Amino acid sequence: MILLDLSIRAAAIALALLSAVALMIPAQTRPVGRPVAAVAVTMTCYALLSSLAGPELPGWSIPGLLAGAIFVPLAVCWLVVTLFLDDPRDRLPWLVAAGIAVVLAIASIWVPGLEVGRGLVMLAFFAALLVMAIRTAKEDLVVDRLKFRPAFLSAIAVLGVSVTASELVFGYRAVPDAMTMAQGLAFLALAFAYALWILKPEPKACICFTEPVKPAAPVDRRAEAVDASVVAALEEALEAGIWRREGLTIAALGAEIGVPEHRLRAVINQRLGFRNFPTFINSYRIAVAKKALSDPRAARRTILEIAFDAGFASLGPFNKAFRDQTGESPSEFRRRVLDSGQSLSGFENPPPISESARARPH
């Protein structure tokens, strides 16, 4: 049974390392290859320590393996936020939370009473990670990533919660053999599913690419015609100001213009180059806000009024979206532009999306 458990875990480790190496070779995929490599290394340490053969490992190997295993939460968090959060600034709070869990794990080595606290933090962390990933799925425009998200993140959350809970209940070294075997099989299944997804040979808009991938197959002219009609309907709705509608979702936009949601996602992502829906809609909202903020005649209008007029429900999301697109707050932007006397002509609305679509590779 020990040999079988080791074989299962060795296969999972091999698949994880293969995925990491394959992603690290092309420069284009290295941004996601790095966290995959971190997960592979840290999970190797944990898989060996928690295996049925763990008590038989040489004493000199234990400190190194323990040091690597402690960083599993941080590595897993790094991978998840890299895969599913496009803005690096949105990733930082999650990485800080994972870092706190790691600090508690290190402290619990010398302060045994912290072990329960660390376990509870880990349970909350995995649950929050799952909620975050599912909540942001509605905004995701990368179709291949959207399909993979629910099963992958559910598996990570369930595995993380089960491992943490079993260690809290039974203790690190007293987990039943059957549960240890089940965890090894779960590691293998997760590594296999991820390798199968990320190493697929056909080109796709991979999670780590910033631009759509040019298809290798000949262009389907019928699909092109359908996309062109979707772009035309989308442009008409946007020119009518649908982006001002508070709480606009991609489902609501699709229903408004009579286009299936999955088709609309594909067009906005693959033809227009946007990876999430709020960024697409906010490009119009922020353009109008910049024009208002740079108008001396509107200097008495509050930033909150301008935010409402642009379609934002409150000041917080407006400030975040504005800073994401311009690198400064609305008040900083207004002060800088008005002080410099910059012309309003530099802050017109975005060009018609049909022009953007023609400029994209497809």
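The values are calculated or read from the model by the stated rules, or taken from the named source; none is laboratory data. What you see is a predicted model, and the numbers here were worked out from it, not measured in a lab. Note that we place each Cβ from the backbone using ideal geometry, even for glycine, and neighbour counts take in every protein chain shown. Protein only, heavy atoms only, side chains kept; ligands, DNA and RNA dropped before computing areas. Shrake-Rupley method; radii C 1.70, N 1.55, O 1.52, S 1.80 Å.
Here are a few things to note about the model shown:
- Filtered residues of the range 317-355 (kept if at pLDDT 85 or above, touching a Ser or Thr at 6+ places or on another chain (Cβ under 8 Å) and open to solvent by less than 50 Å² (accessible area, probe 1.4 Å)): 322, 333, 334, 337
- With respect to the conditions (1) at pLDDT 90 or above; (2) open to solvent by less than 50 Å² (accessible area, probe 1.4 Å); (3) not hydroxyl-bearing (Ser, Thr, Tyr), residue 255 falls short on a single one, namely (2).
- Of 230, 259, 267, all but one fail to be of a type in the set (Val, Ile, Thr) and not in a helix (DSSP H, G or I); the exception is 259.
- Conditions (1) in contact (Cβ under 8 Å) with a residue 60 or more places away in the chain; (2) under 20 Å from residue 180 (Cα atoms): number failed by residue 48: (1)
- Residue match in the range 88-96 (condition: on the phi < 0 side of the Ramachandran plot and open to solvent by less than 40 Å² (accessible area, probe 1.4 Å)): no
- Filter result for residue 106 (under 27 Å from residue 323 (Cβ atoms), surrounded by fewer than 18 Cβ atoms within 10 Å (Cβ to Cβ) and without any contact (Cβ under 8 Å) to a residue 40 or more places away in the chain): no
- In the set 169, 121, 116, 142, only one residue is farther than 27 Å from residue 14 by Cα, modelled with pLDDT of 75 or more and within 12 Å of the chain's Cα centre (by Cα); that residue is 142.
- Within the range 44-63, the residues that satisfy the criterion of being surrounded by 13 or more Cβ atoms within 10 Å (Cβ to Cβ) and either among the β-branched types (Val, Ile, Thr) or at pLDDT below 90 (or both) are 44, 46, 47, 48, 49, 50, 51, 52, 53, 54, 57, 62.
- Looking only at the range 123-151, and only at residues there that are open to solvent by less than 10 Å² (accessible area, probe 1.4 Å) and part of a helix (DSSP H, G or I), the one that is nearest to residue 167 (Cα to Cα): 129
- Answer from 11, 75, 38, 98 - the residue that is in contact (Cβ under 8 Å) with a residue 12 or more places away in the chain and more than 20 Å from the chain's Cα centre (by Cα): 11
- Members of the range 104-120 found to be more than 15 Å from residue 170 (Cα to Cα), part of a helix (DSSP H, G or I) and β-branched (Val, Ile, Thr), listed by number: 106, 109
- Filter pass, residue 81 being at pLDDT 85 or above, crowded, with 21+ Cβ neighbours inside 10 Å, outside any loop (DSSP other than H, G, I, E, B) and under 17 Å from the mean Cα position of the chain (by Cα): yes
- When residues in the range 92-145 are screened for being of a type in the set (S, T, N, Q) and under 15 Å from residue 76 (Cα atoms), 0 of them pass.
- Scanning the range 234-256 for residues that are free of Cβ contacts under 8 Å to residues at least 40 places away in the same chain and not in a helix (DSSP H, G or I) gives 240, 241.
- Residue 66 being in contact (Cβ under 8 Å) with a residue 12 or more places away in the chain, over 30 Å from residue 97 (Cβ atoms), open to solvent by 50 Å² or more (accessible area, probe 1.4 Å) and of a type in the set (A, V, I, L, M, F, W, C): no
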